[in-house]
Amino acid sequence: MLNLVSVNVGLPREVTWKGKTVTTGIFKVPVDGPVALRRHNLEGDQQADLSVHGGPSKAVYVYPSQHYDYWRRELEDSELAWGSFGENFTVDGVDEETVCIGDVFRVGSARVVVTEPRMPCFKLGIRFERADMVKRFLKSQRTGFYFGVVDEGLVQAGDRLERVAEHPGGLRVADVTRLYTTERKNKALLRKAISVEVLPDSWRGYFKHQLETLGE
């Protein structure tokens, strides 16, 4: 069964990284009880750099709970708590291979839509105190994904995650990540991605450029 394992929030904080002070909102902790899900984020949660985080297409960052077993082995850290990857929702029963851009889910009294995979920035390295973490994260293909908010509502850990509409485009979250990493010359998949209007313009523009460089 698909369900919401943990709801995680956090406010930006200042940390020192490579001799510089950096403000980041990547540190999230689980919270109990109902939490209001608004158009741009969860109550009690904020992003530090709104130019690349948050907003309509990145209101909620989602990470599959099953990926934690992989990272506990990779990082030799058995104490990884929910929210460690900066996710707002830790979920069970779905992942990047099984959800498509534009799929709509009901969770609690809210409705959300899958918008794009998470592309990590250097702050993931700060969270784990590892300069190689961004590279390892992308290589693993375990990126998680974002929800946009269709209808605001209340959510809490233990809520069922119900897929109420499947997007006809059939573009999996994992397909978008692969186009960025290992399948940059896959013309058929590039054209498919461009055709899915729910995918943010930044991604579609990037893939159109990719096609143009390939001679189309």
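Only the coordinates and a few stated rules stand behind these numbers; no lab work does. If you're wondering where the values come from, they're calculated on a predicted model, not measured in any experiment. Positions of Cβ are generated from backbone atoms using ideal geometry, with glycine treated the same way; all protein chains shown enter the neighbour counts.
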Relative contact order of region 3-169 (C-alpha contacts under 8 Å, at least 6 apart) in percent is 32 percent
If each K or R counts +1 and each D or E counts -1, the residues other than L190 whose Cβ falls under 9 Å of its Cβ total +4
Using alpha carbon centers only, region 85-119 is separated from region 128-197 by a whole-angstrom value of 8 Å
The extension gain from T21 to E43, computed as 0.36 nm times the residue separation minus the Cα-Cα distance, is 5.3 nm
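Which value at 222 nm does the chain reach when only helices count, each DSSP H run of 4 or more adding -39,500 (n - 2.57), with the total divided by all residues and rounded to the nearest 500 deg cm²/dmol?
On the way: 6 runs with 53 residues, N = 216.
Calculated mean residue ellipticity at 222 nm is -7000 deg cm²/dmol.
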In order over region 173-187: 3J(HN,Hα) from phi, Karplus 6.51/-1.76/1.60, θ = phi - 60°, whole Hz, x for each Gly or Pro, gives 4, 4, 4, 5, 4, 5, 5, 7, 10, 10, 10, 5, 10, 7, 5
Counting lysine pairs in the chain that sit 8 or more positions apart or on different chains, with Cα atoms under 17 Å apart, gives 10
Taking placed amide H atoms and a strict 5 Å upper bound, the residues 5 or more places from R142 or on another chain that come that close are none
Toy charge model, Lys and Arg Cβ at +1, Asp and Glu Cβ at -1: region 3-169 dipole around Cα centroid in debye, rounded to 20, equals 540 debye
Packing-ranked peptide list from 112-122, 26-36, highest mean Cβ count within 10 angstrom first, is 112-122, 26-36
For region 65-72, Karplus-derived ³J(HN,Hα) couplings (6.51, -1.76, 1.60; θ = phi - 60°; whole Hz; x for glycine and proline) come out as 5, 5, 5, 5, 4, 4, 6, 5
Karplus ³J(HN,Hα) for region 19-25 (6.51 cos²θ - 1.76 cosθ + 1.60, θ = phi - 60°; Hz, whole; x = Gly/Pro) runs x, 10, 8, 10, 9, 9, x
Here the gain from full extension of E183 to D132, 0.36 nm per residue of separation minus their alpha-carbon distance, amounts to 16.2 nm
